[in-house]
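Single-structure report; data block below.
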Amino acid sequence: MKLLTMKDVVNIGVGCQTTIWKKVKTGEFPKPIKLGSSPQSPLRWKEKGIQDYLLTFLTNIATNLNEAQF
């Protein structure tokens with residue numbers, strides 16, 4: 001299991017940090033995992049969760065485009 005940093009997730013093109021946190025808050029985006037119990041513990045996202053999000057996102061776009069053509 002590969003874990004991604006915020007920088008990794010931003011570089012994938014999901015959005016800026018603010019957008020990502022808004023999507024986490026609304027439940028649209030996967031929640032990160034906290035590595036440790038300290039308030040300063042780093043947060044990471046499971047790569048699989050990000051891949052699943054992107055697949056769903058792109059599938060929804062394709063579906064909407066297909067529906068708009070008819």
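The values are calculated or read from the model by the stated rules, or taken from the named source; none is laboratory data. Worth saying up front: this structure is predicted, and the values here are computed from it rather than measured. A quick note on method: Cβ atoms are made from the backbone with ideal geometry, for glycine too, and the neighbour counts reach across all protein chains shown.
Residues of segment 22-55 that are among the hydrophobic types (A, V, I, L, M, F, W, C) and touching a residue at least 40 places away in the same chain (Cβ under 8 Å): Trp45, Ile50, Leu54. Taking segment 3-21 as the range and being touching a residue at least 24 places away in the same chain (Cβ under 8 Å) and either under 14 Å from Tyr53 (Cα atoms) or in contact with a strand residue (DSSP E or B) (Cβ under 6 Å, 6 or more places away or on another chain) (or both) as the test, the residues that pass are Leu3, Leu4, Val9, Ile12, Val14.
Quick grid of which residues meet (1) modelled with pLDDT of 95 or more; (2) not hydrophobic (A, V, I, L, M, F, W, C):
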{"site": "Leu4", "(1), (2)": "yes, no"}
{"site": "Asn11", "(1), (2)": "yes, yes"}
{"site": "Cys16", "(1), (2)": "yes, no"}
{"site": "Lys34", "(1), (2)": "yes, yes"}
{"site": "Leu58", "(1), (2)": "no, no"}
{"site": "Glu67", "(1), (2)": "no, yes"}
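Regarding segment 48-58, can at least one residue be identified that is among the polar types (S, T, N, Q) and over 22 Å from Met1 (Cβ atoms)? No, segment 48-58 contains no residue that is among the polar types (S, T, N, Q) and over 22 Å from Met1 (Cβ atoms).
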